[in-house]
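Have a look at the structure below, then the notes.
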Amino acid sequence: MDKSSSMRSLFSDHSRYVKSFQLFLDRSTEHQCMQEFINKELPDILSRIGNGNSSINVLGIGSGSGEVDLQMLRKVEEKHPEVHINNDIVEPSAEHVMLYKELVSRTPDLQKMSFKWNKMTSSEYEKQMKEENEKKKWDFIHMIQVLYYVESIEETIKFCHQHLEKNGKIVIILVSGNSGWASLWKKYGSRLPLNDICNYITSRDVKEAVDRMGLKCQHYDLPSIMDITECFIDGNEEGELLVDFLTETLHFCKTAPPSFKSELMEYLKQPDCSTRKDDKIVFNNTLGAIVVEPLF
């Protein structure tokens, strides 16, 4: 990073980060592509979990405010209508835990589901489980857009795999190694503000880690796009907010050295990151889903 620059991590301003993330969801097909995966692929993935028991145990790591969780839980319920679903949630944000609880309270027909919230990071949860010598196992473990924030992806996957039931499944979703994100991070990650919150991890990195561990997995591409046209309109507030999200930099357009800003903005238009469609500049937001199987 340019030492003379006043660039700071976007995560240093929680309010602006939340605004930028919400705008990202509005401008992208992020949730739509996840929804398609949940509707088309997840039912078959989950068809054999549970081992015929009267309950199914689910662990969500980094579950956020719960919208995607409930969609997946509905698929578990559809495939296994007679069983009770015990849902353990690991989420460090008090705000997200509150929103998740509110979502559950206003969602009908959850009588066959129970929810236990653990307001902590995945590393804290792993440490607590080890200290208590907890042997609990889960039939379905999911980590959606969360492995960027863990201390070690291999240790996190290893922990989950050790606590996976027979016929259980681990579902991991994060940006694809073929996405615009991967290209942007590879070229400019070292010149953007360092932070201890988020790592530049893609589904390719996770697949390589899983392979190194000798685990069996399947990979799915989840095509997704984001309209970043506004980013190239000088002074456009929402465009600048999107650039902050893309670079994970607080007020990038105002604080980045002019030459670096010009270089990065030009790169965002290139085929490595984006395509042009009907006078719009469309960023490649493709995700990758990795489904890890038990060894037995």
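The values are calculated or read from the model by the stated rules, or taken from the named source; none is laboratory data. Here the structure is a predicted model, which is why all the values come from computation and not from measurement. Cβ coordinates were reconstructed from backbone atoms using ideal geometry, including for glycine residues, and neighbour counts include every protein chain displayed. What goes into the accessible areas is simple: the full protein's heavy atoms, side chains included, and nothing from ligands, DNA or RNA. Shrake-Rupley method; radii C 1.70, N 1.55, O 1.52, S 1.80 Å.
A few comments on the model shown:
- Unique residue being modelled with pLDDT of 95 or more, buried (at least 21 other Cβ atoms within 10 Å of the Cβ) and closer than 22 Å to Leu46 by Cα when the list is Leu241, Leu174: Leu174
- In the range 115-142, the residues that are over 29 Å from Arg48 (Cα atoms) form Cβ pairs under 9 Å with partners that are part of a strand (DSSP E or B) and not aliphatic (A, V, I, L, M), at six or more places apart or across chains, as follows: Glu124/Asn118; Gln128/Asn118.
- Tyr200 being in contact (Cβ under 8 Å) with a residue 12 or more places away in the chain and within 26 Å of Ser63 (Cα to Cα): yes
- Meeting the requirement of 3 or more residues that are among the hydroxyl-bearing types (Ser, Thr, Tyr) and within 17 Å of Ser20 (Cα to Cα), no strands (runs of 3 or more DSSP E) wholly within the range 136-255 can be named.
- For Gly64, the conditions (1) assigned to a helix (DSSP H, G or I); (2) out of contact with any strand residue (DSSP E or B) (no Cβ under 6 Å at 6 or more places or on another chain); (3) more than 18 Å from Leu164 (Cα to Cα) all hold with the exception of (1).
- The lone exception for Arg74 - which of (1) crowded, with 19+ Cβ neighbours inside 10 Å; (2) within 20 Å of Asn39 (Cα to Cα); (3) within 20 Å of the chain's Cα centre (by Cα) it fails: (1)
- A count restricted to the range 85-130 and to residues that are over 15 Å from Arg74 (Cα atoms) and of a type in the set (A, V, I, L, M) stands at 8.
- Applying a threshold of 9 Å to beta carbon distances and a minimum spacing of six or more residues, or different chains, the list of pairs starting in the range 263-281 at a residue that is within 13 Å of Ser179 (Cβ to Cβ) and β-branched (Val, Ile, Thr) and ending at one that is open to solvent by less than 70 Å² (accessible area, probe 1.4 Å) and not in a loop (DSSP other than H, G, I, E, B) reads Thr275/Ile281; Thr275/Val282; Thr275/Phe283; Thr275/Asn284.
- In the set (1) within 23 Å of Gly180 (Cα to Cα); (2) assigned to a loop (DSSP other than H, G, I, E, B), Asp109 fails one condition alone, (1).
- Residues that are within 18 Å of Ile56 (Cα to Cα) and charged (D, E, K, R) were ranked within the range 101-130; the one that is most open to solvent (accessible area, probe 1.4 Å) is Lys116.
- Each residue in the range 153-162 was checked for being out of contact with any helix residue (DSSP H, G or I) (no Cβ under 7 Å at 6 or more places or on another chain) and open to solvent by 20 Å² or more (accessible area, probe 1.4 Å), and 4 of them qualify.
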